[in-house]
Amino acid sequence: MNTSDSEHIAGMLLASGLTASPTPEESDLIIVNTCAVREKSEEKLYSLLGRLESLKEKKGTIIGVVGCVAQLHRSKLWDKKPSLDFIIGPDNYGKISQIIPSQTRKKVLFTEWSPEWRDQPVQQIKRDSKVSAYITIMEGCNNFCSYCVVPFTRGREKYRPIPSILEEAEELASKGYKEIQLLGQNVNSYIDPETGDNFAALLENINKIASIEWIRFITSHPKNFIDEIAYAMKKANKVCHQLHLPIQSGSTSVLQRMNRGYSREEYLEKIDLLRNLMPDIHLSTDIIVGFPGETQVEFQETLGLLANVRYTNIFSFRYSPRPQTAAAKKEDNIAFEEKKNRLIQVQALQRKIQLEKNKSLIGQTQKILCTGISKKDPHVYTGRNAGYQVVNFNSPNDVFDQFIWVKILSCGPYSLFGEKAEFPSFSR
Ligand code: SF4
C-alpha cells in the first residue's frame, strides 16, 4: 500500500511542476512515507529524520512526514520532531500539492478522514514499473485485530466503485501493462458502493480486460475469504494461482485473543478447498510470534501448522505492542530473547521447507514477467513467476518488461535461478 501511495504522491508533485532530484542533498522538499505496523519501522523513521535535520539546517530543506505514523501521532509528532514542516495522514494525499515549496512555510497538518471514497487522478500516478501496476480498490479496515494499529491509521473501510477500478485497469492495459495487483487492507470484504457486487464479481470483470495477462490481489483476510472467491480465482483464467492468506498464529486460542474471527481448523479448511480447486497454488502467510500470553504449546501449534501447510513464503515478526490497540493493554509478557528464539525457530523451519519446495522446481520451464536487473549481479535479469517467487535468470537478449519462459536450473530458499528458454506458445 505504501509503495502505491508513494507512486500517487510522486505523480501529484510532478503534476504540480516539481521535478525529481537524485539525492536528498539536492532536494528542496523531502517527504517520508511511513508505516506504523511495527515498532521497528517507527524507530527507523525517527533515526532517518534525525539524519535529515542537518539538511534542513544547511539549506532549509522542507521536510514532511506522511502515512500511518503521521496519522497515528498527528500533531504530537511535532513534540518529537519540531522542525517538521508538515504531517499528512493517508486519507489526505490529495492535498499534497498544497505544501509545494513555492507556498507558505506555515506548518501544515492534514489528518481528518473522509467516510466516502475519493477518486485520485490516476493519469498522474508516477508508476515505477511499465509492466506491472497496483490498483487500490479499497481503503481502511473494520476488523480491529487486537494487535493491529491499521484501523486507527487508515480508518474504516471504504470501497472504490467498480467502474472507476475498470477505467484505471483499461487505461493501464492500453499503455501496455501486463500485470495488475489489486490492493486493499482486506480486499475480500470489498463491496461495490453502488451495486453491492462483491470481490468475486470484481475479479470476473477485471479478467475480461484484453491484454492484461496476470491479476493478483493483496491482502486477504481468512474470515472474509469465502468459498465464492476461491471458485472465482479458479474460473478467472488470468488470476494467478497465488494467494497471501495471513494466519498470524497456528493456535486457535491465540487467534481468539488476536480477535481474528476464525479458528485454526476453519483456516485449514480454506487451504484444503484452495488446493483441491488449484493444486498448483502458491500460498504465503504472516506469522507473529510472542503475542501476549503465547505459551510453548501454542507456539508449537504454529510450527505444526507451517509444517502442515508448507507455504511457498512467509513473513514472520516478533510481536511489538502498538499504540491504541487492545493487545497493548495486556502485559507484553514474552521476554525479548524468547520472542527472538521463537522467530529463529519459525524462520529455520520455513527456510528448510522453501528449499525443499524450490528444489522440486528445478528442471521446470516457467512463465516469468521480467521486471529488472538482479540486485546482486548487473548481468542477470530478475522477475517473478505466477507464484510470485523471485526468479533470476540469464538471457542472451534484452527481455525487460516482457513475459518470457525460463528453465529453472538451481535455487536457494528465497529465489530460483535459470536461463531463458524457448517455448512454442504462452499459457499460464
Ligand atoms: S485485518 Fe486485522 S491485521 Fe489486517 S489491517 Fe485489519 S486490523 Fe490489521
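The values are calculated or read from the model by the stated rules, or taken from the named source; none is laboratory data. Please read these numbers as outputs of a predicted model, since none were measured by experiment. Note that each Cβ is placed from the backbone with ideal geometry, even for glycine, and that neighbours are counted across all protein chains shown. These accessible areas exclude ligands, DNA and RNA; they are computed on the full protein's heavy atoms, side chains included. Shrake-Rupley method; radii C 1.70, N 1.55, O 1.52, S 1.80 Å.
Farthest toward the dipole's positive end in the range 122-359, which of N205, G140, P193, given Cβ charges of +1 (Lys, Arg) and -1 (Asp, Glu) about the Cα centre? Of the options given, the answer is G140.
Under the convention that each Lys and Arg Cβ holds +1 and each Asp and Glu Cβ holds -1, the size of the dipole of the chain around its Cα centre is about 880 debye. The orientation-averaged projected area of the convex hull spanned by the Cα atoms of the range 2-110 comes to 6.4 nm².
Taken per residue, the accessible surface of the range 290-428 reaches 52 Å², heavy atoms only and a 1.4 Å probe. Helical content alone sets the calculated 222 nm signal of the chain at -10000 deg cm²/dmol, taking -39,500 (n - 2.57) per DSSP H segment of four or more residues and averaging over every residue. Of the chymotrypsin sites (Phe, Trp or Tyr not before Pro) found in the range 103-149, the ones in coil according to DSSP and having at most 14 other Cβ atoms within 10 Å of their Cβ are F144. Each principal axis of the Cα cloud of the chain was taken in turn, and the coordinate range along them, longest first, works out to 60, 54, 49 Å. For the chain, the share of DSSP beta bridges that are antiparallel, to the nearest 5, is 40%.
Determine the gain in length on full extension of the stretch D79-E331; use 0.36 nm per residue of separation and subtract their C-alpha separation, reporting nm with one decimal. Intermediate results must be reported in sequence, preceding the final value.
Working: separation 252, 0.36 × 252 = 90.72 nm, distance 2.69 nm.
Gain in length upon complete extension: 88.0 nm.
Between D398 and N259, what's the calculated FRET efficiency when r is the beta-carbon distance and R0 is 45 Å? Round to 0.05.
0.35
Counting only cysteine Cβ atoms and a cutoff under 4.7 Å, the chain contains unmatched residues C35, C68, C141, C240, C370, C411.
GNM remark for the chain: springs join alpha carbons under 10 Å apart, and the peak mean-square fluctuation among F317, F393, F336 falls on F336.
Calculated FRET efficiency, K235 and S360, Cβ-Cβ r, R0 30 Å, to nearest 0.05?
Numbers: r = 27 Å, r/R0 = 0.91.
Efficiency computed from Cβ-Cβ geometry: 0.65.
A Gaussian network model of the chain, with springs between Cα atoms under 10 Å, assigns the largest mean-square fluctuation among Q366, Q120, Q402 to Q120.
Over the alpha-carbon set of the range 51-129, divide Rg by the Kirkwood Rh and report the Rg/Rh ratio to two decimals. Display every interim value, and only then the final one.
Details: Rg = 13.9 Å, Rh = 13.9 Å.
That ratio equals 1.00.
Would you work out what percent of the accessible area of the chain, with all protein chains in place, is carbon or sulfur (probe 1.4 Å)? Carbon and sulfur: 52 percent of the exposed surface of the chain. When the alpha carbon gyration tensor of the range 122-359 is reduced to an equivalent ellipsoid, the three semi-axes, largest first, read 32, 21, 16 Å.
Using a Gaussian network model of the chain in which every pair of alpha carbons under 10 angstrom is joined by a spring, one finds that among A210, A230, A200 the greatest mean-square fluctuation is at A210. Answer with one residue from F403, P161, A20: the one whose Cα lies farthest towards the positive end of the charge dipole of the chain, charges on Cβ with Lys, Arg +1 and Asp, Glu -1. Result: A20, furthest along the dipole toward the positive end.
Here the range 286-313 and the range 355-428 have alpha carbon centers that stand 31 Å from each other. Here's how it looks for I62: its modeled amide H is under 5 Å from those of L29, I30, which are all 5 or more places away or on a different chain. Label-to-label distance, D227 versus E39, with points set 7 angstrom from Cα along the beta-carbon direction: 4.3 nm. Counted without the sites themselves, the longest stretch of the chain free of GluC sites (Glu not before Pro) in a DSSP loop having at most 13 other beta carbon atoms within 10 Å is 195-330.
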